[in-house]
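No lab work stands behind these numbers, since they all come straight from the coordinates. These figures come from a predicted structure and were not determined experimentally. Glycine gets a Cβ as well: all are built from the backbone with ideal geometry, and neighbour counts include every protein chain shown.
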Amino acid sequence: MSSPAAVQLTPRALWSGRALALVGILLVALNLRILTGAASPIFPLIAKSFPLPDMAIAVLGALAPAGFAVASFITPRLGRKIGIEWGLVLAISLIIFGHVVRAIAPEWGTLAAATAVGLIGTGMGNVLLPPAVKKYFPDRIGLVTTLYVGLLAVSSGLAPLFAHPMSDTIGWRNGFIVWASFTVIALIPWLLELRQMKGRANPNDPVIVVAKSTLKLHKSPTAMALAFMLAISSINGYVVFAWLPLLVMGTSGVTPGEAGVMLATFGGIGLPVSLVTPILASKVKRTDLFLYVSVALFLTGYVGLLLVPTLPWLWLVFISAGPIIFPLTLVLINLRTKSTEASMQLSGFVQVVAYAIAIIGPFGVGLIHEWTGSWNAVLIFMIICVIPLVFLAPILGRGKFVEDEVG
């Protein structure tokens, strides 16, 4: 199972003629998880300003995969009309809008609406970053993907770490304004890049665009495999962040404080794994091996919790390393396409399918636990969820371009 023959490109300096794009990609990545993590730690503070019932919190929690799915559907079409750069400007602007309107929300409905708009912007950024890497850094896809995936991980921890102490000091409304101000910085390099692009015939895409028409990606085994791989990764991520504390308290008897530390550790262990995966995937021939390793890690962790719940920290290490398939998906979106145009279409297709499926994760776990009253049933559900990776691995290991599969 070998990778497809890559377009031969002469590597050039990372900053050579594309410094603004690099800074822009990294700043967008640094802002793509803040909106999702800035609200939940301060729900008690928000509840002092207006009622925030359990149903409101449930709705706010479900908005992320729903918003990402909507954004993934519209972004490739929009990106083809206005370009990646203007698409990123729009995405960042929507995130800023979400922060600002949340800051002035008089009740939870407005808070939810603003969150939804901001999450659509976040989802647009999720879709546009892979083709942005493909366009500006086709010679350094693994390296730049590693850099921005690392900042995604940093972004995931940034808001939960600072949201509560900052909002407790200056007020939760002012806290959202601070996050909005921070996001404004990400606009600057892209606005400057757009200014430089005026009069420039070919904005840095050395890869031949093979099709301007919409690719029938549902007919591509590689595209479908990537979509389901990201769906499995997302289900695990959403379930862990939503349910891990309650699960380990119920199965292993850990304290609420320890459960919170375990949740933070989940992201901490995943960071170095995420940094290494894109570079390795761009160099090795057997990309299917990553999926087999992911299955082994997830199964060891979930089966361990099921059979030996007295060692929760040990099993957490395996579960935390399992999501190597998330950065793998992002880098394969570029490695399995020939052009920026195809990369953008594939990125949107993969994410809209994945996040639409991922919505069932947290809700499914909630229903299973409510029906059975058993965390063991939840663990069995998670074990079943990761098994399909075994069947996706041979498809992705073939290393075919999606354009070749759909004709």
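Neighbours of residue 129, meaning other residues whose beta-carbon lies under 15 angstrom from its beta-carbon, give a summed charge of +3 when Lys and Arg score +1 and Asp and Glu score -1. Near residue 278, within a Cβ-to-Cβ distance under 15 Å, what is the net charge of the other residues, with Lys and Arg +1 and Asp and Glu -1? Overall, the nearby charge balance is +3.
Here the chain is treated with +1 on each Lys and Arg Cβ and -1 on each Asp and Glu Cβ, and its dipole about the Cα centre works out to around 1300 debye. Shape verdict for the stretch 297-390, please, from the Cα gyration tensor: rounded (a/c under 1.5), prolate (a/b greater than b/c) or oblate. It comes out oblate by the Cα gyration axes. I want to verify a result. In a Gaussian network model of the chain, Cα cutoff 10 Å, which of these has the top mean-square fluctuation: 83, 98, 142? Highest fluctuation of the listed residues: 83. A convex hull fitted to the Cα coordinates of the stretch 88-150 yields 71 cubic angstrom per residue. Roughly how far apart, in whole Å, are the Cα centres of the stretch 221-280 and the stretch 157-202? Measuring centre to centre over Cα atoms gives 26 Å. Of the two radii for the stretch 211-407, the radius of gyration is 1.01 times the Kirkwood radius, both from the alpha carbons; that is the Rg over Rh value. Which of rounded, prolate or oblate describes the stretch 14-206 when judged by the alpha-carbon gyration tensor and an a/c cut-off of 1.5? Note, shape of the stretch 14-206 comes out prolate.
Taken about its Cα centre, the stretch 14-206 carries a charge dipole of about 560 debye when Lys and Arg each add +1 at the Cβ and Asp and Glu each add -1 at the Cβ. In the chain, the calculated helix contribution to ellipticity at 222 nm averages -25500 deg cm²/dmol per residue, counting -39,500 (n - 2.57) for every DSSP H run with n ≥ 4.
Remark: relative contact order (the chain) = 27 percent; criterion is Cα-Cα distance under 8 angstrom and separation of 6 or more residues.
Geometric descriptor of the chain, per residue, is 130 Å³ (volume of the convex hull of the Cα atoms).
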